[in-house]
Amino acid sequence: MKKTSIVLALAATLLLSAGAFAQWAPERPVEFIVASGAGGGTDNFARTIQSIIAQHDLMDQSVVVLNKGAGSGAEAFVYAKGNAGDPHKLIFGTNNVYLLPHVAKMAYTSEDLVPVAALALDEFLIWVKADAPYADAAAFIEAAKASPGSIPFGGSQSKDTDETLVALVEQKTGAEFKYVPFNGGGEVGVQLAGGHIAANVNNPNENLGQWQAGAIKPLCVFSDERMAESEPIHGDMGWHDIPTCAESGIDISAYQMPRTVWLPAGVSDEQLAFYVDVMEKVSQTPEWQEYVANTSQTGRFLAGDDLASFIDNSETSTVEVFKAEGWTAQ
Amino acid sequence: MGNFGLLMEGFQVAITPMHIGIMVVGVMLGLIVGVLPGLGAPNGVSLLIPLTFTMDPVSAIILLASMYWGALFGGSTTSILFNIPGEPSSVATTFDGYPMAQKGQTTRALTLAFMSAGIGALVGVVVITLLSTWAAEFALRFGAPEYFSVYFLAFCAFIGMGSSAPLKTIISLLVGLALSTVGMDTITGTLRLTFGVNELMGGVSFLVVVIGLFGIGELLMTVQDGLRFRGVTSRIDLRDVFRTIAELPRYWATLLRSSAIGTWMGITPGGPTAASFMSYGVARQWSRPGEPFGKGRPEGIVAPETADHSAGTCAMLPMLALGVPSSATAAVMMGGLMIWGLTPGPMLFATKPDFVWGLIASMYISNIVAVVLVMATVPMFAALLRIPFAIIGPVIVAICFVGAYTVSSATFDLWLVLLFGVIGYLFSKLNYPLAPLVLAMVLGHKAENAFHQSMILSDGSLGVFWSNPLVGSIMTLALILVLVPQLSRLVSKFRSRGTLRSAQ
């Protein structure tokens, strides 16, 4: 009797300590798979996290960054599918992970990846040339209504976040634009500064330089509240002075692009929990705050159920736009 | 204070023992990266970026830029020695560089390439120094139709005076265009010509094709020509280096013309690869009669190298002043700028003059450092060709495959190298020119995008290409470049027929 209780007690301690040690940690170097080419927004996102992990020693294993940006990032997600269950591959993307399979026939579905965390939200704004005759977003929409389909609206890529937003504006306001796709946000910003297009919906960071120089101006931001206070950027106007689009009469409460981290499907809960923890620690460092401020994004850490419902909302509302535009892949 | 004063302040930033040390290290790393095909400057620079996180931005950009210059120099080395371009922009250097080396004049070919590259780079930096403000504004005038016209001009300049049969040139060009359409299309957002193969989603990598066509294709040719197990018997004499340098002033016209083409393509931003092709084409068209191009003519090395480097240096300007990278490497560096907390754009010159002018000043010094370092390697590289083929042949095969794999770490690319090796061999056997194919692969997709965007903007009217003096004159110049040689060929044919008749 006594013997058994000792054995039981021993077994219990063993189990307990096993429970404490069950916290999984990477056993090999971890690959950061970036769903964009080198130098893009997603690339900067991943490399910033890489540098923070190194500076704060958040992981024992080293980190290798690989760019797999082909097919609007699909290359990275197909790679995740091919490495199902491998906890040493983190995939960095945006909302493209769950939106791409809706518009093009892809060799993966969003089921092939597990969301780890979202660390920031990138805002979208309507930008026009500084000397454009539109005082606010309402005037711009009116001008588009007056001459349907003739105002060239530039954006990055086709059937991607930018064109979706322009289509959403069209659906909500009844205005019609001429959408012109370019390769990336930087290019679209310069095309606007040069007056080759009339407007774009760039992220703050992509147009910051041109706004500082006074070549272009923001009309409104697609967010439910104004952006954070900042130093004045041009004249006496800073990010916080830009009205939201809802204030300006465009009935879109929020349209934001999450910066997301994923794992291949089939990893265990401990493995997922490890990376959620690392990402949460990253999001609390001063370096991360600095990156978010420098790139004028909104820092927001989402994981677990919050993240799942965010993705669910974002996916449902965007797919509605796709359906209305007839973009959904059969 | 004028640009000159700012530059002097920049020199104060750049000339410190630490920065000179950084330049030497950067150039050396760049040389290694450039010499290995596939592992190009963009890969090298992105590998270095994590190291720069803790550095001061000026030191960081000097390191990355020096690496870029080193890689540009290194890329020409393998073009000349083994017919394998180390960098996309050194493809045009293979056309005359490789034949010259095969004739045993390796030292001359390398010296010509490096010296003209150095001159091109210095012209580029001087242009940046003098015209930074103006050039940034000029680049803003480029919309989709203007971009298309620049690519069109590059095509026309290169093809206008093709020495091969026109039909074969067209076929080669069309194969290249077809290859460039594989993968995701930016304008329509759909996948094209992938046949459900995931590996083709990202398109066919230009570098992989070039490594196959030139590297493996050339090896197959060598093997068939009867295995010569001896190396090229080249005399390695230091005096050759100086003799070649003394020879340079003779090519002043080519140097000037190519620098102008390079700076123009760097600023507009057409990019170094387009610049080197265009410059080679123009040199072939306008050089004094002499030995034919493609057989080891000096101008055929000087022209692409000068343009490549002046475009490479000038490409820094649109990146800093507008936030538009005109080369893949510039795109990676721009990512670095943002991580360091700097915003590329018109205000960078005003808000961070020490950074901008420190970089520009470092470009003078690091290019000189690069020329000195690279000239020191000439005898070593030239000696490589004396190694018997039985040893160097397998090494080249290994380099080709390793290089192709490093482009995007895909095993599929290894099969592509083999496939294009065979295609390259067949093309040479059947006298199809390879250059139009390569040019179409580099510029095809960009030209197509710009054309498609122009058509959206103009609602389908071709008139957009003559809608303002800038785009109109570039388009007209392009048409002249392609049509005049054909007309003069017709006229001379007609005349020779006439003289024949009168003789009868």
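For segment A:125-170, which residues satisfy the criterion of being away from chain B (no Cβ under 14 Å) and surrounded by 20 or more Cβ atoms within 10 Å (Cβ to Cβ)? Result: A:Leu125, A:Ile126, A:Val128, A:Ala137, A:Phe140, A:Ile141, A:Ala144, A:Leu165, A:Leu168, A:Val169, A:Glu170. Within segment B:359-381, none of the residues are assigned to a loop (DSSP other than H, G, I, E, B) and in contact (Cβ under 8 Å) with a residue 12 or more places away in the chain. Scanning segment A:171-186 for residues that are in contact (Cβ under 8 Å) with a residue 24 or more places away in the chain and either within 13 Å of chain B (Cβ to nearest Cβ) or under 16 Å from A:Pro218 (Cα atoms) (or both) gives A:Phe177, A:Lys178, A:Tyr179, A:Val180, A:Pro181, A:Phe182, A:Asn183, A:Gly184, A:Gly185. The helices (runs of 4 or more DSSP H) located wholly in segment A:147-234 that include 1 or more residues which are at pLDDT 90 or above, more than 19 Å from the chain's Cα centre (by Cα) and basic (Lys, Arg) occupy A:161-173. So B:Arg386 ticks every box in (1) closer than 30 Å to B:Gly421 by Cα; (2) assigned to a helix (DSSP H, G or I) but one. Which box is left unticked? If we test B:Arg386 against (1) closer than 30 Å to B:Gly421 by Cα; (2) assigned to a helix (DSSP H, G or I), just (2) comes out false. Among the residues of segment A:121-146, the ones that are assigned to a loop (DSSP other than H, G, I, E, B) and touching a residue at least 24 places away in the same chain (Cβ under 8 Å) come to 6 in all.
This table checks each residue for (1) touching a Pro at 6+ places or on another chain (Cβ under 7 Å); (2) assigned by TED's automatic domain parsing to the domain that holds A:Gly195.
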position: A:Tyr79; (1), (2): no, no
position: A:Ala84; (1), (2): yes, no
position: A:Leu100; (1), (2): no, no
position: A:Asp131; (1), (2): no, yes
position: A:Ala138; (1), (2): no, yes
position: A:Ser147; (1), (2): no, yes
position: A:Ser158; (1), (2): yes, yes
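I'd like to know if segment A:251-265 contains one or more residues that are out of contact with any Lys or Arg (no Cβ under 9 Å at 6 or more places or on another chain), assigned to a loop (DSSP other than H, G, I, E, B) and farther than 30 Å from A:Gly174 by Cβ. No, the conditions are met nowhere in segment A:251-265.
A count restricted to segment A:171-184 and to residues that are touching a Ser or Thr at 6+ places or on another chain (Cβ under 8 Å) and either buried (at least 24 other Cβ atoms within 10 Å of the Cβ) or among the aromatic types (Phe, Trp, Tyr) (or both) stands at 1. Note on segment B:6-55: among residues that are assigned to a loop (DSSP other than H, G, I, E, B) and within 14 Å of another protein chain (Cβ to nearest Cβ), the one that is surrounded by the most Cβ atoms within 10 Å (Cβ to Cβ) is B:Gly40. Within segment B:394-427, the only residue that satisfies the criterion of being of a type in the set (Gly, Ala, Ser), surrounded by fewer than 18 Cβ atoms within 10 Å (Cβ to Cβ) and in a helix (DSSP H, G or I) is B:Ala398.
So, B:Val324, is that one within 14 Å of chain A (Cβ to nearest Cβ), in contact (Cβ under 8 Å) with a residue 24 or more places away in the chain, within 22 Å of the chain's Cα centre (by Cα) and farther than 22 Å from B:Val27 by Cβ or not? The answer is yes for B:Val324. Can we say A:Gln284 is among the polar types (S, T, N, Q), buried (at least 19 other Cβ atoms within 10 Å of the Cβ) and more than 14 Å from chain B (Cβ to nearest Cβ)? Judged against the criteria, A:Gln284 is not a match. Scan segment B:441-457 for residues that are more than 9 Å from chain A (Cβ to nearest Cβ), buried (at least 22 other Cβ atoms within 10 Å of the Cβ) and either at pLDDT 95 or above or farther than 16 Å from B:Phe206 by Cα (or both) and the total you get is 2. Checking each residue in segment B:51-82 for being touching a Ser or Thr at 6+ places or on another chain (Cβ under 6 Å) and closer than 23 Å to B:Ser408 by Cβ picks out B:Tyr68, B:Gly75, B:Ser79.
Quick check: is even one residue across segment B:176-187 among the hydroxyl-bearing types (Ser, Thr, Tyr), more than 19 Å from B:Val209 (Cα to Cα), in contact with a strand residue (DSSP E or B) (Cβ under 8 Å, 6 or more places away or on another chain) and in contact (Cβ under 8 Å) with a residue 40 or more places away in the chain? Yes, segment B:176-187 contains at least one residue that is among the hydroxyl-bearing types (Ser, Thr, Tyr), more than 19 Å from B:Val209 (Cα to Cα), in contact with a strand residue (DSSP E or B) (Cβ under 8 Å, 6 or more places away or on another chain) and in contact (Cβ under 8 Å) with a residue 40 or more places away in the chain.
Residue by residue, here is whether (1) in contact (Cβ under 8 Å) with a residue 40 or more places away in the chain; (2) within 14 Å of chain A (Cβ to nearest Cβ) holds:
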site	(1), (2)
B:Met334	no, yes
B:Gly341	yes, yes
B:Ile387	yes, no
B:Ile392	yes, no
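Scanning segment A:247-270 for residues that are surrounded by fewer than 18 Cβ atoms within 10 Å (Cβ to Cβ) and within 22 Å of A:Thr164 (Cβ to Cβ) yields A:Glu247, A:Gly249, A:Asp251, A:Ser253. For segment B:444-458, the condition of being of a type outside the set (Val, Ile, Thr) and in contact with a Leu (Cβ under 7 Å, 6 or more places away or on another chain) holds for at least one residue.
Residue pairs whose Cβ atoms lie under 8 Å apart, sitting 6 or more positions apart in sequence or on different chains, and linking a residue in segment B:461-477 that is of a type outside the set (D, E, K, R) to a partner that is part of a loop (DSSP other than H, G, I, E, B), are B:Val464/B:Ser458; B:Ser467/B:Ser458; B:Leu470/B:Arg141. Every listed requirement among (1) surrounded by 15 or more Cβ atoms within 10 Å (Cβ to Cβ); (2) at negative phi; (3) out of contact with any Gly (no Cβ under 7 Å at 6 or more places or on another chain); (4) not hydroxyl-bearing (Ser, Thr, Tyr) is met by B:Gly202 save one, (3). The helices (runs of 4 or more DSSP H) found wholly in segment B:117-225 and carrying at least 2 residues that are out of contact with any His (no Cβ under 8 Å at 6 or more places or on another chain) and under 20 Å from B:Ala274 (Cα atoms) occupy B:144-159, B:166-180, B:206-210.
When A:Ile52 is tested against the conditions (1) crowded, with 20+ Cβ neighbours inside 10 Å; (2) touching a strand residue (DSSP E or B) at 6+ places or on another chain (Cβ under 7 Å); (3) over 17 Å from A:Met257 (Cβ atoms), the lone failure is (2). Of the residues making up segment A:63-111, just one is more than 12 Å from chain B (Cβ to nearest Cβ), part of a strand (DSSP E or B) and either surrounded by fewer than 23 Cβ atoms within 10 Å (Cβ to Cβ) or without any contact (Cβ under 8 Å) to a residue 40 or more places away in the chain (or both), namely A:Lys89. Test B:Ala253 against the criterion of being surrounded by fewer than 16 Cβ atoms within 10 Å (Cβ to Cβ), in a helix (DSSP H, G or I) and at pLDDT 85 or above, and give yes or no. Yes, satisfied. Regarding segment A:202-212, can at least one residue be identified that is of a type in the set (Gly, Ala, Ser), within 14 Å of another protein chain (Cβ to nearest Cβ) and surrounded by 22 or more Cβ atoms within 10 Å (Cβ to Cβ)? Yes, some residue in segment A:202-212 is of a type in the set (Gly, Ala, Ser), within 14 Å of another protein chain (Cβ to nearest Cβ) and surrounded by 22 or more Cβ atoms within 10 Å (Cβ to Cβ).
The values are calculated or read from the model by the stated rules, or taken from the named source; none is laboratory data. All values reported here derive from a predicted model rather than from experimental measurement. Counting neighbours? That spans all protein chains shown, and the Cβs are built from the backbone with ideal geometry, glycine included.
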